[in-house]
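Nothing in this text is a laboratory measurement; each read-out follows from the coordinates by a stated rule. Predicted, not measured: the structure shown is a model, and the values here were computed from it. Here Cβ is always computed from backbone atoms with ideal geometry, including for glycine, and neighbour counts include all displayed protein chains.
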């Protein structure tokens with residue numbers, strides 16, 4: 001049977017037997033429809049179920065690099081994901097945020113990449129996972145308030161419960177939601193089961209602010225487009241011990257600035273300027289880039305450091321690092337406690353030249369994992385996010 005076109009297909013329908021609903025129930029559903037109409041878009045064609053050949057990237061990685069917890073396990077599971085994983089993208093919601101630039105670009109690229117990938121299925125009965133395509137970034141750009149976004153997501157999920165049996169089958173445990181916007185976790189508060197059961201893929205992965213490790217997934221926040229080439233094989237030109245410039249919008253950032261501003265070897269600045277050529281030159285000239293945590297949200301600073309070959313120094317007690325199940329961050333970064341801020345210079349000075357070279361070389365090897373591409377390429381940021389979601393699918397209990 002031919003499917004109706006997107007232009008004629010109703011966006012929200014009553015389930016079978018809807019004619020028996022009372023007039024009051026029908027009116028209630030219509031009111032709910034009006035509440036979520038800003039989520040609705042016309043449906044377009046989806047990729048077919050046929051698995052496409054991998055696009056771009058090398059077929060094999062270098063297992064000798066040592067940047068993985070276990071190359072053998074990662075490769076085996078990754079290839080299984082490529083063969084088997086199927087995702088049903090619910091209609092409605094948003095197709096792709098208009099902009100694929102700026103500090104929320106990871107969200108836009110994911111929405112675009114999921115439909116460009118081989119993972120999408122038109123048949124929900126064949127799906128392992130179900131994607132809720134609601135873009136907080138796009139809604140905020142349309143002027144919708146934080147409360148409005150939360151209420152809209154709640155009503156959108158309720159409509160899916162009426163139309164499809166899949167949420168109710170698992171209470172949302174095989175559903176996932178993606179956002180890089182600051183609202184991220186707060187946007188899910190209107191649906192308790194989305195908070196407790198579903199996989200939330202978010203840039204705000206501080207687990208003292210609602211992020212649930214081992215269920216939720218840390219989405220790498222990448223500011224795009226990159227204005228300058230990737231750093232690499234340039235250890236001899238890196239003379240500054242450590243560099244950071246940003247807003248003092250958290251306790252650790254305030255402490256970092258208070259203790260080290262004006263130091264001769266640590267270039268620490270309380271600066272609101274982003275993306276300038278001077279700042280990027282400092283990325284290229286520093287051995288270590290300090291990455292202090294923010295009060296609630298993540299920032300692109302870690303991804304910038306990786307891109308420009310500046311070894312990240314993670315200073316956040318509650319931050320779940322992106323791809324932590326796959327990558328051994330201690331092989332290409334320095335991980336400290338926030339309380340180490342007074343010892344920061346001493347710690348970095350005691351990292352030998354040989355240790356720094358090894359960290360830098362490994363950092364160059366993981367750069368590809370923090371790249372977004374269209375269409376997506378093997379082992380890039382999109383595929384590693386899907387791999388993390390795939391891992392969590394295996395612990396779902398029906």
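Taking one equal scatterer on every alpha-carbon of segment 153-243, how large is log10 of I(q)/I(0) by Debye at q = 0.12 1/Å?
-0.52
Please give the Cα centre distance for segment 175-252 versus segment 112-174, rounded to the nearest Å.
21
First obtain the Kirkwood hydrodynamic radius of segment 235-370 from its Cα pairs, then insert it into the Stokes-Einstein equation at 20 °C and 1.002 mPa s, and state the resulting D in µm² per second as a whole number.
144
Between residue 70 and residue 269, take the C-beta separation as r, use R0 = 35 Å, and let me know the FRET efficiency to the nearest 0.05.
0.35
Taking 8 Å as the Cα distance limit and 6 or more residues as the minimum spacing, I'd like the relative contact order of segment 235-370 as a percentage.
RCO, segment 235-370: 25 percent.
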